[in-house]
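Here's the structure, in structure tokens; my notes come after.
The values are calculated or read from the model by the stated rules, or taken from the named source; none is laboratory data. Note that the structure is a prediction, hence the values are computed from the model and not measured. Quick reminder, even Gly has a Cβ in these numbers, built from the backbone with ideal geometry, and neighbours come from all protein chains shown.
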Amino acid sequence: MNENLAYKINSSFRLLGLKPGADARQIRSAFRHLARTHHPDIAGAFNSKKFEQISNAYLLLKNLTPEELALCEVKSEPEHPENVKESFFARWKRKRAEKEAKREADLHAQREAEKMAKEAHERVISDRIDLILDKYTRKINSIYERKQKDKLNQEISNIIVRLEASRYEVRLMAMQNLSKYINAPRIFESLLNMLNKYPITGEMLNIISTLPLSREYMQKIIKIVSDNVKNLKEQEILPFIRKIIFIIADNKDIVSKFMEHSSLKITELLIARWTFAALPNENVLARVFSDIQNEKLIILTLNVLKRHDMSTLPSWLTQRIKELLTHNNVSIRLLAGASSQNNATFK
């Protein structure tokens, strides 16, 4: 290690009140202790020179490696014993080295300060840029969301106009584009108004059965369709009932309304799922027993009747059941006999 540098290092140790060879933690601790005493803000401006010397000493020592710090412990000052008179040239050389060391320390301290100031300035600029970008991003997102909302509202308004159109083809085309908007209250209300106002067709029912409707919305539509079931053909309403059977299975009033349709296939589909305490409508039973050759429907209906008190049946129905005791189908005869056991008129 250069003797002059070793001297500067040992001088720095003395300024901080440390012995040569002190470690980085001791150096930092000593500097903080002295800084609290000699800082110009505390000790006054007259003490700024002392604080500058302490700072320079700290900057010099903190950049040394642990090995260099340890080496300073055994390195002595430049050999200028106090009892040996220092020559003019040696003194001049030593003072020049001290000035050079101080200048280097000052430059280093200045560079460090400039670097820290630059980094702080860059952080401030970066933070400002982030704030500006965040502000404009929120603004752009708000504008985009508003435009999307306006666009959606316009699309909904257009569909509502088409659903209310007098031409069937226009209304059907509007229904084909409902999937995206069906859960919007305005759209659904317009759909209900259309179903109430205009005749319902099989094409409409096919589209409705594919829509992602909530159970609540579907029940409202089913109610309207059941009120108009007599105006629909079998091939129009039967596929729809098959698709919604799991929704209406526990609703006696809706099932009864659908059974009012003249189609025996619809009656067969629904009588097979009749689990209610009351009997089906008498008109439905009359339709069933008007053709005793429809064996499947007769068997399904007898299965329903045997669970009820047969003494409460109208006389025409007890007579029909009595006639079935001689039917060619064994299952029908057995079911008619089981029914007759609950009816005192057969004893």
| query | Does residue 285 qualify as being closer than 30 Å to residue 213 by Cβ and in contact (Cβ under 8 Å) with a residue 12 or more places away in the chain? | reply | no
| task | Please work out which one of (1) over 22 Å from residue 96 (Cβ atoms); (2) at pLDDT 75 or above; (3) of a type in the set (Phe, Trp, Tyr) is the condition residue 13 fails and give its number. | result | (1)
| said: Just to be sure before I move on: is residue 187 of a type outside the set (Phe, Trp, Tyr), in a helix (DSSP H, G or I) and modelled with pLDDT of 90 or more in the structure I sent? | reply: yes
| message | Here is a check on your reading of the model: is residue 210 polar (S, T, N, Q) and either closer than 21 Å to residue 237 by Cα or at pLDDT 90 or above (or both)? | response | yes
| task | Select from the range 254-311 the residues that are out of contact with any helix residue (DSSP H, G or I) (no Cβ under 8 Å at 6 or more places or on another chain) and in a loop (DSSP other than H, G, I, E, B) and write down the one among them that is modelled with the lowest pLDDT. | result | 309
| query | Can you spot a residue in the range 139-158 that is closer than 30 Å to residue 205 by Cβ and of a type in the set (Val, Ile, Thr)? | reply | yes
| Can you spot a residue in the range 144-152 that is in a helix (DSSP H, G or I), aliphatic (A, V, I, L, M) and over 23 Å from residue 212 (Cα atoms)? | no
| request: Write out, first by first residue and then by second, each pair whose Cβ atoms fall under 8 Å of each other, whose residues are 6+ apart or on separate chains, and whose first residue, in the range 19-39, is farther than 13 Å from residue 57 by Cβ while the second is assigned to a helix (DSSP H, G or I) and among the small types (Gly, Ala, Ser). | output: 21/70; 37/43
| message | Condition first: within 38 Å of the chain's Cα centre (by Cα) and part of a helix (DSSP H, G or I). Now tell me which residues in the range 227-253 satisfy that. | response | 239, 240, 241, 242, 243, 244, 245, 246, 247, 248
| task | Tell me which residues, restricted to the range 285-326, are over 15 Å from residue 339 (Cβ atoms) and surrounded by fewer than 19 Cβ atoms within 10 Å (Cβ to Cβ). | result | 286, 290, 291, 293, 294, 295, 296
| task | Among the residues of the range 16-60, write down those that are modelled with pLDDT under 80, farther than 22 Å from residue 99 by Cα and surrounded by fewer than 14 Cβ atoms within 10 Å (Cβ to Cβ). | result | 36, 37, 41, 42, 44, 45
